[in-house]
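See below for the structure under consideration.
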Amino acid sequence: MSSISELRRILGATRTLAVVGLSPQWHRPSFFAAKYMQEHGYRIVPVNPAAKEILGRRCYPTLTEAAEDHPIDLVDCFRRSEDIPPIAEEAIAIGAKTLWMQIGVIHEAAAQAARAAGLDVVMDRCVKIEHARLFGGLNWAGVNTKVISSHRPRQLFY
């Protein structure tokens with residue numbers, strides 16, 4: 001399980017997220033999470049073979065093709081657990097730094113392969129929820145983030 005300090009380090013060092021399985025439909029969790037991250041300064045690279053453009057960005061059919069145009073820091077997986085091994089292989093091949101599997105997505109063998117290749121791995125967590133929890137985005141709605149600090153995070157620009 002990833003600690004608060006590990007998650008903060010990963011999200012703090014990440015600039016570009018390839019979102020595998022990003023839906024063009026505004027009401028889907030993948031769209032909502034990607035839009036939130038985009039609005040917080042991250043570059044989103046959509047990976048969905050069924051779409052041409054999502055969130056105003058060109059959509060790529062594979063991670064490999066996305067990596068030809070963009071350096072990918074974090075691969076955010078909105079796919080079923082059984083779909084993760086080939087995504088992990090692609091993440092390793094393109095030189096991504098982190099393989100992130102969303103809530104409910106767990107694949108131990110793929111995680112071990114990614115860790116062995118030097119990637120950070122996060123499973124069963126939402127990148128949007130963790131960012132909001134660790135960098136102050138939840139407190140505006142009155143949610144207890146369980147992170148106590150008298151300092152406002154420097155990363156937020158709002």
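Counting only alpha carbon atoms, the long axis of helix 84-94 and the longest principal axis of the chain meet at about 90°.
Think of the chain as a dipole: +1 on every Lys or Arg Cβ, -1 on every Asp or Glu Cβ, centred on the Cα centre; then among P49, L74, T62, L74 lies furthest on the positive end. Listed by chain and number, the aspartates and glutamates whose alpha-carbon sits under 13 Å from that of K128, ignoring those within fewer than 8 places in the same chain, are E39, D76.
You can think of it this way: the chain between A50 and E65 has 4.0 nm of extra reach, that is 0.36 nm per residue less the Cα-Cα gap. Magnitude of the charge dipole for the stretch 4-141, about its Cα centre and with charges confined to Cβ atoms of Lys, Arg (+1) and Asp, Glu (-1), is about 480 debye.
As a proxy for reagent exposure, V47, V122 were ordered by neighbouring Cβ count within 10 angstrom, fewest first; the result is V122, V47.
Per residue, the chain reaches -10000 deg cm²/dmol at 222 nm when only DSSP H runs of four or more residues are counted, each adding -39500 (n - 2.57).
DSSP assigns beta bridges within the chain; of those with both partners inside it, close to 10 percent run antiparallel. Amide H to amide H distances under 5 Å link V45 with L17, A18, V19, where only residues 5 or more positions off or on other chains count and H is placed in the peptide plane. Length, then width, then depth: along the principal axes, the Cα atoms of the chain run 43, 35, 25 Å. For the chain, the relative contact order comes to 19 percent (Cα pairs under 8 Å, sequence separation of at least 6). Taking the fewest neighbouring Cβ atoms within 10 Å as the starting point, the ordered list for R125, R9 is R9, R125. Between the listed residues V127, I106, I84, the Cα displaced farthest toward the positive end of the dipole of the chain, a dipole computed from Cβ unit charges relative to the Cα centre, is found at V127.
None of the figures in this text is laboratory data; all of them are computed from the coordinates on show. Not measured: the values here are computed from a predicted model. Heads up, the Cβs are rebuilt from the backbone with ideal geometry, glycines too, and the neighbour counts pull from every protein chain shown.
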